[in-house]
1. Name the single residue that is surrounded by the most Cβ atoms within 10 Å (Cβ to Cβ) among those in region 202-223 being within 26 Å of the chain's Cα centre (by Cα) and closer than 15 Å to Pro246 by Cα.
2. Tally time: how many residues in region 271-296 are in contact with a Pro (Cβ under 8 Å, 6 or more places away or on another chain) and either farther than 22 Å from Ala309 by Cα or not polar (S, T, N, Q) (or both)?
3. Quick one: in region 291-329, of everything that is charged (D, E, K, R) and more than 12 Å from the chain's Cα centre (by Cα), which residue is modelled with the lowest pLDDT?
4. I'd like the full set of residues that are open to solvent by 40 Å² or more (accessible area, probe 1.4 Å), more than 16 Å from the ligand (Cβ to nearest atom) and of a type outside the set (Lys, Arg), limited to region 260-277.
5. Given (1) within 14 Å of the chain's Cα centre (by Cα); (2) of a type in the set (A, V, I, L, M, F, W, C); (3) modelled with pLDDT under 95, where does Ala2 come up short, assuming only one miss?
6. For region 132-157, what are the residues that are in a loop (DSSP other than H, G, I, E, B) and either more than 11 Å from the ligand (Cβ to nearest atom) or buried (at least 18 other Cβ atoms within 10 Å of the Cβ) (or both)?
7. Considering every residue within region 303-314, establish whether at least one is among the hydrophobic types (A, V, I, L, M, F, W, C) and out of contact with any helix residue (DSSP H, G or I) (no Cβ under 9 Å at 6 or more places or on another chain).
8. Inside region 259-278, can you point out the residues that are modelled with pLDDT of 95 or more and of a type in the set (Asp, Glu)?
Amino acid sequence: MADTGEAVHRVLIIGSGPAGWTAAIYAARANLNPVVYAGVPKQDPAPILPGGQLMLTTEVENYPGFPDGVTGPEMMAKFQQQAERFGTQVVGEDIESCDFSQRPFVLKTSGGESVQAHAVIIATGATANWIGLENEMRLARSGGGVSACAVCDGALPMFRDQPLAVVGGGDSAMEEASYLAKFASTVYIIHRRDQLRASKTMQDRVLNNDKCEVLWNKIPVDVLGDEKITAVVLKDTQTGEQTEQPVKGLFVAIGHTPSTKFLADSGVDLDDKGYVVLPVAHRSMTNIEGVFAAGDVADSEYRQAISAAGMGCKAAIDAERWLADAGLE
Ligand code: NAP
């Protein structure tokens, strides 16, 4: 059983990505003695680790303050150290359910305990959807040229002037293809149907780009390459025919799933895709007073470490103000 030493936490933070740790740094420096439930590792089908999506990101080059780049895991370790330096308590467990109908709130942990908190910050992030192929996962984990984020990884030297592929037919796939076309030799868009889902404007951007070519009615069925990807094996969804498409990078853009299952029956409003709804624009409050959300769990649009960290900061400040107004400091 985790002994956090407090009967009722003033601020309990769920999640240990950039949003969770930033919320912890701010809450700890405000003397709120926050506790972070950092999560436990799981496989679903890709690994989900405490620290979040950055734990699967090899090189981060777009986070200000790291002019020479930093690996995702190293960055999350530094965030955690900074949060702990100011007294954040860290518990390596999941929160499995939340009862926000009583105050203080009561949360159930994966260790079988009930913990209480006056304010809760939800920062559990989202996970990129993967096709689920064994070699796709292996090369994504090893930095072998498979990624679920072109904006994060696409500008790496290994992809310059190379043939690359994006899987998906939505706005993300179009955005990633346009972005990659700036430095790739060719970008193949692998889509399982003969029509794109993306908005007309986003489609036009890709269809009018000489470097982009859509491979219609195709799904990847294997990824080839030992240390680095060399090709993707495609199956035609209409004829069943299999072909090999040589590429030096594969970017999977088939959507994200927010980590909000544990909020079922909690009363927190979620949108139709499961993201936490923030009813007041640019603020971190949810529909339940004293419950705040930050990072990708409440943001299907930007999904960047820096934007998640910014939201974590806002959530801690909002929680601090709410606790003060409620006389719970
Ligand atoms: P999305 O709209 O859900 O599109 C996912 C795409 O992946 C679809 O084309 C889908 O194919 C395909 N797909 C899903 N599962 C697959 C599988 N197992 N194998 C192969 N293909 C698969 O997701 P998104 O593109 O990430 O967009 C999410 C939201 O963010 C949308 O509301 C979007 O408008 C928004 N967004 C906006 C912008 C922008 O405006 N700048 C940029 C990015 C995202 P089907 O079409 O056959 O279902």
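The values are calculated or read from the model by the stated rules, or taken from the named source; none is laboratory data. A quick note: this is a predicted structure, and the numbers were derived from the prediction, not measured. Don't worry about glycine lacking a Cβ; one is built from the backbone with ideal geometry, like all the others, and counts go over all protein chains shown. The protein model used for the area step is the full one, side chains on, heavy atoms only, and it has no ligands, DNA or RNA in it. Shrake-Rupley method; radii C 1.70, N 1.55, O 1.52, S 1.80 Å.
1. Val223
2. In the first step, residues of region 271-296 are kept if they are in contact with a Pro (Cβ under 8 Å, 6 or more places away or on another chain); the result is 273-276, 285-287, 295-296.
Applying the additional criterion that residues be either farther than 22 Å from Ala309 by Cα or not polar (S, T, N, Q) (or both) yields 273-276, 285, 295-296.
Qualifying residue count, region 271-296: 7.
3. Going through region 291-329, the residues charged (D, E, K, R) turn out to be 296, 299, 301, 303, 314, 318, 320-321, 325, 329.
Checking which are more than 12 Å from the chain's Cα centre (by Cα) leaves us with 314, 318, 320-321, 325, 329.
On the way: Lys314: 98, Asp318: 98, Glu320: 98, Arg321: 98, Asp325: 97, Glu329: 78.
Result: Glu329.
4. Keep residues of region 260-277 that are open to solvent by 40 Å² or more (accessible area, probe 1.4 Å), which gives 261, 264-265, 267, 269-273, 277.
Add one more test, that the residue is more than 16 Å from the ligand (Cβ to nearest atom), and what stays is 261, 264-265, 267, 269.
Of everything in region 260-277, those that are open to solvent by 40 Å² or more (accessible area, probe 1.4 Å), more than 16 Å from the ligand (Cβ to nearest atom) and of a type outside the set (Lys, Arg) turn out to be Ala264, Asp265, Gly267, Asp269.
5. (1)
6. Here is the first cut: in region 132-157, the residues in a loop (DSSP other than H, G, I, E, B) are 132-133, 142-145, 148-149, 154-156.
Selection gives Leu133, Ser142, Gly143, Gly144, Gly145, Ala148, Cys149, Gly154, Ala155, Leu156.
7. Of region 303-314, the ones among the hydrophobic types (A, V, I, L, M, F, W, C) are 305-306, 308-309, 311, 313.
Then drop every residue that is not out of contact with any helix residue (DSSP H, G or I) (no Cβ under 9 Å at 6 or more places or on another chain), which leaves none.
Checking region 303-314: not a single residue is among the hydrophobic types (A, V, I, L, M, F, W, C) and out of contact with any helix residue (DSSP H, G or I) (no Cβ under 9 Å at 6 or more places or on another chain).
8. Selection gives Asp269, Asp271, Asp272.
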